[in-house]
Amino acid sequence: MAAGRVRVNGRVARLGDRVDPDSDAVEVDGVPVPVRPDLVYYLLNKPRGVLTSASDPRGRPVVVSLVPPEPRVFPVGRLDLDTEGLVILTNDGGLAHRLAHPSGGVEKEYLVEVEPSPSAAAVRRLRAGVELDDGPAVPLRASLAAPGALRLVIHEGRKRQVRRMCAAVGLSVRRLVRCRIGPLSDPRLAPGQWRRLSPGEVRQLAEAAWRAPGGSSPRRNRPH
């Protein structure tokens, strides 16, 4: 606050200022900071065969059934039924909207088991970008993780994007796992397990969301 990096409702905050968590907007370096005490943030390792949804009329298992029922949360973005890996669940609508925005989402990293084993030419084609039925798709990074496995990093959230990108270079996906969302990863989290995000992780996630493509860069107010 002494450095002028904290703003409340767009105004530089001063020591002693009071904040109403239900109505005031607080920013640090231009990044909105959640201040409501009822906000929760979970990181879940979604197993294969579980829907990234709050409910399903067909009675299939859904991700919200794997975390505490109260307070009610919803998943941020989607993973296909057959895709495994990290999903964020929260009741923070503002951050969820920023994270899930298809044109400006944070980085998402995937490990992809494919067949046949990808050639160097296939990896080069992915790096250069491929044409999909809804437009071109260019990964932020594409590399060979192991024989028969790719590591792809994207920032968009288009439907079945990774699977369609692999198909465009002649590869069939056998297994797809999201292993990172922005700054968040946790290889110790077993399928079906979840944990709360720490305040520091929430802060890092908010920074990544507002710095992502399509988002505004945070302001940096430094002391003179």
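Nothing in this text is a laboratory measurement; each read-out follows from the coordinates by a stated rule. From a predicted model like this one, the values you see are computed outputs, not experimental measurements. Note that we place each Cβ from the backbone using ideal geometry, even for glycine, and neighbour counts take in every protein chain shown.
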(message) I need the shape label for the stretch 108-181. Rule: rounded when a/c is under 1.5, else prolate if a/b > b/c, else oblate, with a, b, c from the alpha carbon gyration tensor.
(response) rounded
(request) For the stretch 52-58, take each phi angle, set θ = phi - 60°, evaluate the Karplus expression 6.51 cos²θ - 1.76 cosθ + 1.60, and give the result in whole Hz per residue in order, putting x for glycine and proline. (result) 7, 7, 8, 7, 8, x, 8
(request) Find the centroid of the Cα atoms in the stretch 51-102 and in the stretch 1-16, then give the distance between the two in whole Å. (result) 34 Å
(message) If packing is taken as the average count of other Cβ atoms within 10 Å, what order do 63-69, 75-81, 184-190 fall into, highest mean first?
(response) 75-81, 63-69, 184-190
